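Bear in mind that the values in this text are calculations on the coordinates, not laboratory data. The shown structure was predicted, so the numbers you read here are calculated from the model rather than taken from an experiment. Note that each Cβ is placed from the backbone with ideal geometry, even for glycine, and that neighbours are counted across all protein chains shown.
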There are 2 protein chains.
Amino acid sequence: MLSLTEENYLKAIYHLSDGGNRSVLTNELAEAMNTKAASVTDMVKKLSAKAVISHEKYYGVNVTSKGKSEALMVIRKHRLWETFLVQKLGFAWDEVHEVAEQLEHINSARLIEKLDEFLGYPKVDPHGDPIPDNKGKLKILPQIAIDQLNIGYQGKIAAVKDSDSNLLKYLDKIEARPGTKIKILGKEDYDGSMEILIADHRIFISKEVSQNILVIE
Amino acid sequence: MLSLTEENYLKAIYHLSDGGNRSVLTNELAEAMNTKAASVTDMVKKLSAKAVISHEKYYGVNVTSKGKSEALMVIRKHRLWETFLVQKLGFAWDEVHEVAEQLEHINSARLIEKLDEFLGYPKVDPHGDPIPDNKGKLKILPQIAIDQLNIGYQGKIAAVKDSDSNLLKYLDKIEARPGTKIKILGKEDYDGSMEILIADHRIFISKEVSQNILVIE
DNA sequence: GTAAAAATTTAGATTAGTCTAAAAAAATAT
DNA sequence: ATATTTTTTTAGACTAATCTAAATTTTTAC
Ligand SMILES: [Mn+2]
Ligand SMILES: [Mn+2]
Ligand SMILES: [Mn+2]
Ligand SMILES: [Mn+2]
């Protein structure tokens, strides 16, 4: 049984480690959690004692398989709640993250199963991020940001990075949402900006924006 | 801004004081909160400092008007969430309390307004308890338990006491739900047990049960 | 291959919420 | 009107989560 704070640390470790693929250093975790390195060291000891991470002193932490599935449960709850807020309560997709940060810690297996059912077993959240199943399995979709692609590419938006609320507002304005058709019309070598065809209108976007729009493959 | 624990204490004080009509003693609060009197004294100091209660040493606490409206906001959230769980997620009415105890502490004015709208602005929760409005006003319905009434009374169930999950299961089985028609057919002086007509079938109930079924007036 | 710099851990404090044991105040019983 | 009992408060201690400052370890730079 993890405390709310421990769940937040574990989730951050899971994300920073790319789902358990690399170790996470004390300072990056401190930065991500908005705490000090000393606090991280303390918490790392607690999480190690609970066997959700392993810690090699001075060399960072790794999530264990137990930790991975506990992290995925929190992420499952987060994404199901975000889906609920957008689809049922009419929240905009840039308004859901803060609330989901709270709701993800509500402890009731029955609640999450019922919520999942109520939402029709969604596969992805409003930002296109995959929702782990009730066994803690996450289907990782091979995604690539469009700044990596060239003129002529066409496909459908799979997901957008959901880190920043202002970015999400902008993406919504230009209709860059999961499921929307997108085609790369031009690409400026100098600054990486792009001209794209999106939902049947042409617009220019900066490289910064193009790094946040993901397509399949 | 109150912490989760402070909200729980304040809500308990509000309920124990019958909505602010009498003072609450340290020991009853300790009993209700499953803590020790010493812990209550500490918390009472914090809540006094935040001006949601007033405390006269050795003579108990009273909720201030600020405290009353903060308590009502927590109760509003609790009852809206209970309504959501029953009406939208298909929970039984005896399964919602624990989860609502957690959900009532989610902090988002927008969430509660949207939830209220989504539920169609319900006036009462699944147990018939009134839901405070978004201004913190509670419409107190004049209710009376049927053990106080006599043979021949007929009316509709307004609410049931929601304290015990097993009681709720039993009430559900005999169809004693808010809105159901009820008539008192007989009453035994010896033990206070009753024969009632409920949803068109006759049953016998003990005095203990009759004290938990409320009608208007 | 040392010395300086950077990262990490430890030491010692602080705050919220809790406890037990002891002291103080109020209620009650003779 | 005292003495006893009950209730409440205070004193001192504990855990979780945090901090600052100091010590330690690793990394980097010459
Ligand atoms: Mn998301
Ligand atoms: Mn309840
Ligand atoms: Mn609560
Ligand atoms: Mn209720």
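Close amide H contacts of B:Gly60 (hydrogens built in the peptide plane, cut-off under 5 Å, sequence separation of 5 or more or a different chain): B:Thr26. Over the C-alpha atoms of chain B, the Rg to Rh ratio, Rh being the Kirkwood estimate, stands at 1.01. Rounded to the nearest Hz, the phi-derived 3J(HN,Hα) couplings of region B:200-213 under the Karplus curve 6.51 cos²θ - 1.76 cosθ + 1.60 (θ = phi - 60°) are 6, 9, 8, 9, 9, 10, 6, 4, 4, 5, 4, 6, 10, 10, where x marks glycine and proline. Amide hydrogen proximity for B:Gln143: with H placed 1.01 Å from N in the peptide plane, the residues at 5 or more positions away or on another chain lying under 5 Å are B:Glu217. The ellipsoid that matches the Cα gyration tensor of region A:4-63 has semi-axes, each √(5λ) in whole angstrom, of 14, 12, 12, with the longest given first. Straight-line reach from B:Lys181: taking Cα to Cα under 27 Å and skipping same-chain neighbours fewer than 8 places apart, the lysines in range are B:Lys88, B:Lys123, B:Lys139, B:Lys156, B:Lys161, B:Lys169, B:Lys173, B:Lys207.
Taking the C-alpha atoms only, the angle from helix B:37-49 to the longest principal axis of chain B is near 70 degrees. Look at where the Cα atoms of region A:140-190 and of region A:96-132 average out, and the two centres are 24 Å apart. Extending 7 Å from Cα along the Cβ direction at B:Asn166 and again at B:Asp191 yields two label points whose distance is 1.6 nm.
If the only charges are +1 at each Lys and Arg Cβ and -1 at each Asp and Glu Cβ, what is the size of the charge dipole of the protein assembly as shown around the Cα centre, to the nearest 20 debye? Spell out each step's value before the answer.
Working: 58 positive and 64 negative charges, 0 e Å.
Here the size comes out at about 0 debye.
Here's how it looks for B:Lys88: its modeled amide H is under 5 Å from none belonging to a residue 5 or more places away or on a different chain. A viscosity of 1.567 mPa s and a temperature of 4 °C, combined with the Kirkwood radius over Cα pairs in Stokes-Einstein, give a translational diffusion coefficient for the protein assembly as shown of 51 µm²/s. Counting only Cβ charges, +1 for Lys and Arg and -1 for Asp and Glu, the dipole size of chain A around its Cα centre is about 740 debye.
Couplings 3J(HN,Hα) of region B:158-168, computed from phi: 9, 6, 10, 5, 9, 6, 10, 5, 5, 4, 4 Hz, in residue order, whole Hz [Karplus 6.51 cos²θ - 1.76 cosθ + 1.60, θ = phi - 60°; x for Gly and Pro].
Positive-end ranking of A:Ala109, A:Tyr58, A:Trp81 along the dipole of region A:45-133, with charges on Cβ about the Cα centre, is headed by A:Tyr58.
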